[in-house]
Amino acid sequence: MNVSVVLVGAGLGLRMGGPVKKPFLQLHGKPIFLYTIERFSQIETISEIIFVVGPSEIPILRDQWHDTLYAHKVKKIVPGGKKRQDSVYNGLCQTGTDAEIVLIHDIVRPFVRKEHIEAVINKVKESHAAILAAPMKATVKETGDNLCIRRTIPRNKLWMAQTPQGFKRELILKVFDQFKTEEGEFTDDAEMVEKAGYRVEIVPGTDDNIKITSPEDMRLAGALLING
């Protein structure tokens with residue numbers, strides 16, 4: 001079964017600040033995007049990686065990283081769109097027609113584990129749509145407009161969505177076509193699939209699959225690398 005991966009890294013990175021986009025930040029001497037690509041390229045069933053970035057980053061990647069990316073199964077570098085779902089859709093449209101499953105992953109989640117990637121792929125084989133997620137550990141409160149607590153939400157059924165999120169290729173393209181003119185913004189790809197009325201299953205993950213979006217996350221990422 002052929003699996004394609006769409007790695008999304010076209011965001012502006014406003015929370016991080018500074019002139020360098022998040023995927024290109026150096027983590028122990030190597031850009032974040034390369035850590036992530038290496039995690040996926042080692043999976044045997046993955047046949048191609050589509051890397052979605054800001055249009056201004058494409059020349060740099062093609063000039064300076066072409067050989068490295070190609071060696072790690074990156075077949076295409078695609079410009080992103082205005083919103084995240086636009087960027088994902090651009091990547092999806094470039095996946096090979098022979099791919100049965102597509103994984104969508106944030107390029108700034110470099111610590112995703114090999115066994116979790118494979119677990120998502122296996123779950124999609126069974127159920128058509130699945131996402132990696134970590135169980136909620138904090139106590140969650142719902143409040144009213146005046147910040148007065150209305151209720152405590154039981155956390156045993158709450159999960160923190162992560163990526164990769166995996167789908168049968170035919171299904172995810174159908175759903176994106178359905179919502180491509182939608183004005184609102186979806187927070188993740190599973191939300192779109194859920195809204196279309198399809199079942200999405202959870203694959204339990206771990207808290208170390210962090211998304212690097214702030215300077216504090218960079219410090220945590222450095223510690224995770226040191227501690228293995």
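The values are calculated or read from the model by the stated rules, or taken from the named source; none is laboratory data. In this text, all values refer to a predicted model and were calculated from it rather than measured experimentally. Backbone-built Cβ (ideal geometry, glycine too); neighbour counts: all protein chains shown. Remember, those area values only see protein heavy atoms, side chains included, never the ligands or the DNA or RNA. Shrake-Rupley method; radii C 1.70, N 1.55, O 1.52, S 1.80 Å.
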So, relative contact order of the range 80-186 in percent, Cα under 8 Å, 6 or more apart, is 34 percent
re the range 1-144: pairs of Cα atoms spaced beyond 26 Å account for a percent value of 26 percent
Taking only Cα atoms of the range 111-154, the Rg to Rh ratio with Kirkwood Rh works out at 1.27
Over the chain, the sum of -39500 (n - 2.57) across DSSP H runs of at least four, divided by residue number and rounded to 500 deg cm²/dmol, gives at 222 nm -10000 deg cm²/dmol
Diffing the range 20-26: the Karplus 3J(HN,Hα) column from phi (6.51, -1.76, 1.60, θ = phi - 60°), in whole Hz with x for Gly and Pro, holds 9, 5, 3, x, 9, 5, 7
Using a 1.4 Å probe on heavy atoms of the protein chains only, the accessible area for CYS93 in Å², nearest 10, reads 70 Å²
The chain, Gaussian network, Cα under 10 Å: of LEU147, LEU34, LEU61, the residue fluctuating most is LEU147
When the charge dipole of the chain is computed with +1 at the Cβ of Lys and Arg and -1 at the Cβ of Asp and Glu, the Cα pointing farthest to the positive end, of VAL193, THR68, THR152, is that of THR152
